[in-house]
Amino acid sequence: MGELEDAVMTRVWKWNRPVTVREVLEDLQQERSIAYTTVMTVLDNLHQKGWVRREAEGRAYRYEAVSTRAAYAAALMNDAWSQSDNPAAALVAFFGMMSEEQRQALRDAVRIVQGPEEATEQENPGSPPGDGGR
């Protein structure tokens, strides 16, 4: 996604409702000079790429995100990781770039995906199953 597409999608995701070209334009114009037709083209491109769906409202469209920003970020990470010739090394390098807050968010996410018992057993591999790692 290009810089302008990202700026448009940021607003669509933030507002979390169907938006018009005019609404996006007016918000973008607070930061930069941009034409209505440019925003319309960007939203049309995002529609063609499958990032937004649109519904006719009179002579215009209302655009709505197809997925969340989190899903977009996950798809980017998955795409980058899948292109690596050494996925384990790529993950180690990625983890090395993370802040402590990001590493904690990762640990929390792993617990959510695995469930609390499985995550505890992996953190304390010598513990008998079902004892909560004590």
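The values are calculated or read from the model by the stated rules, or taken from the named source; none is laboratory data. Just so it is clear, the structure is predicted and the values come from calculations on it, not from any experiment. Ideal geometry is used to build each Cβ from the backbone, glycine not excepted, and the neighbour counts take in all protein chains shown. Quick note on the areas: whole protein, heavy atoms, side chains included, nothing else; ligands and nucleic acids left out. Shrake-Rupley method; radii C 1.70, N 1.55, O 1.52, S 1.80 Å.
Assorted remarks:
- Residues of the stretch 88-102 that turn out to be open to solvent by 90 Å² or more (accessible area, probe 1.4 Å) and among the aliphatic types (A, V, I, L, M), as a count: 2
- Where a residue in the stretch 29-55 is under 13 Å from residue 12 (Cβ atoms) and aromatic (Phe, Trp, Tyr) and its partner, wherever it lies, is in a loop (DSSP other than H, G, I, E, B) and open to solvent by 60 Å² or more (accessible area, probe 1.4 Å), with Cβ under 9 Å and at least six apart: 51/1; 51/66
- Residue 122 part of a helix (DSSP H, G or I), over 30 Å from residue 20 (Cβ atoms) and at pLDDT 90 or above: no
- Count - residues of the stretch 27-69 that are of a type in the set (Asp, Glu) and over 24 Å from the mean Cα position of the chain (by Cα): 1
- Wholly within the stretch 1-87, helices (runs of 4 or more DSSP H) carrying at least 3 residues that are open to solvent by 60 Å² or more (accessible area, probe 1.4 Å) and of a type in the set (Gly, Ala, Ser): 69-82
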